[in-house]
Amino acid sequence: MNIDQQLQILVQQAPQHGIQPDQMQMIVPVLKVLASRLQHAQYYILQTLDQEWVMTTLKHRTQAGISKTIVHAYPSLEAVKASVATSDLQIVALPLPVTQILFQLLAMEPIDSIIFYETSNPQQTGTEINRQMLRSAIEQHLQNQRSLMPPDIA
């Protein structure tokens, strides 16, 4: 499924997330730009059996008290196997459309960022999408849209 198809489904399913389709349509351009910067249409997210995303807390090496919570997004099951050494039968890797992952990031307060990996190499550097950056991009887009609207002459 390509990015445009994914976004169409997000708009159609917006009421299930408590959002009106026209509101979802307003953030679609931002999700599309970010998803287009990534190399894959879907990524595998580690989840518990009750579909809770597995989060990792990273602590700053030199500054105590500074940490962030991330989720890893892998391009394939092979990448998951190469990067994650777990025999926990309560953890599974499930594929999700990239646009859904980005949309979920908006609502998942405990998560600061998602790291998207593009290859199966466990030593690779991923692309980080920060929740606050995503929110700021959406706010900026909405402000730009408002400034393009003609003034109400009624």
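The values are calculated or read from the model by the stated rules, or taken from the named source; none is laboratory data. Computed from a predicted model, the values in this text were never measured in an experiment. Cβ coordinates were reconstructed from backbone atoms using ideal geometry, including for glycine residues, and neighbour counts include every protein chain displayed.
Quick rundown of the values:
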| quantity | calculated |
| --- | --- |
| Number of the exception - I9 against (1) closer than 25 Å to A137 by Cα; (2) surrounded by 15 or more Cβ atoms within 10 Å (Cβ to Cβ); (3) among the β-branched types (V, I, T) | (2) |
| Residue satisfying condition, being touching a helix residue (DSSP H, G or I) at 6+ places or on another chain (Cβ under 8 Å), under 16 Å from L31 (Cα atoms), touching a residue at least 60 places away in the same chain (Cβ under 8 Å) and not β-branched (V, I, T), within set L105, L134 | L134 |
| Within region 43-75, considering residues that are of a type in the set (G, A, S) and at pLDDT below 95, the one farthest from N2 (Cα to Cα) | A64 |
| Among (1) surrounded by fewer than 12 Cβ atoms within 10 Å (Cβ to Cβ); (2) more than 30 Å from L142 (Cβ to Cβ) - the single one S36 does not satisfy | (2) |
| Flag for L58 being of a type outside the set (G, A, S) and in a helix (DSSP H, G or I) | no |
| Within region 64-87, considering residues that are assigned to a loop (DSSP other than H, G, I, E, B) and more than 20 Å from the chain's Cα centre (by Cα), the one nearest to E118 (Cα to Cα) | A85 |
| Where R146 falls short, out of the listed (1) outside any helix (DSSP H, G or I); (2) under 23 Å from I19 (Cβ atoms) | (1) |
| Residue match in region 124-137 (condition: farther than 29 Å from A14 by Cα, surrounded by fewer than 16 Cβ atoms within 10 Å (Cβ to Cβ) and not basic (K, R)) | yes |
| Yes/no for L58 being in contact with a strand residue (DSSP E or B) (Cβ under 9 Å, 6 or more places away or on another chain), under 22 Å from L34 (Cβ atoms), free of Cβ contacts under 8 Å to residues at least 24 places away in the same chain and not hydroxyl-bearing (S, T, Y) | yes |
| Matching entry among Q132, Q124 (being farther than 17 Å from W53 by Cα and modelled with pLDDT of 95 or more) | Q132 |
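Let's see how each residue does on (1) outside any helix (DSSP H, G or I); (2) in contact (Cβ under 8 Å) with a residue 40 or more places away in the chain; (3) exposed (fewer than 15 other Cβ atoms within 10 Å of the Cβ):
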| residue | (1), (2), (3) |
| --- | --- |
| Q5 | no, no, yes |
| T62 | yes, no, yes |
| L89 | yes, no, yes |
| T99 | no, yes, no |
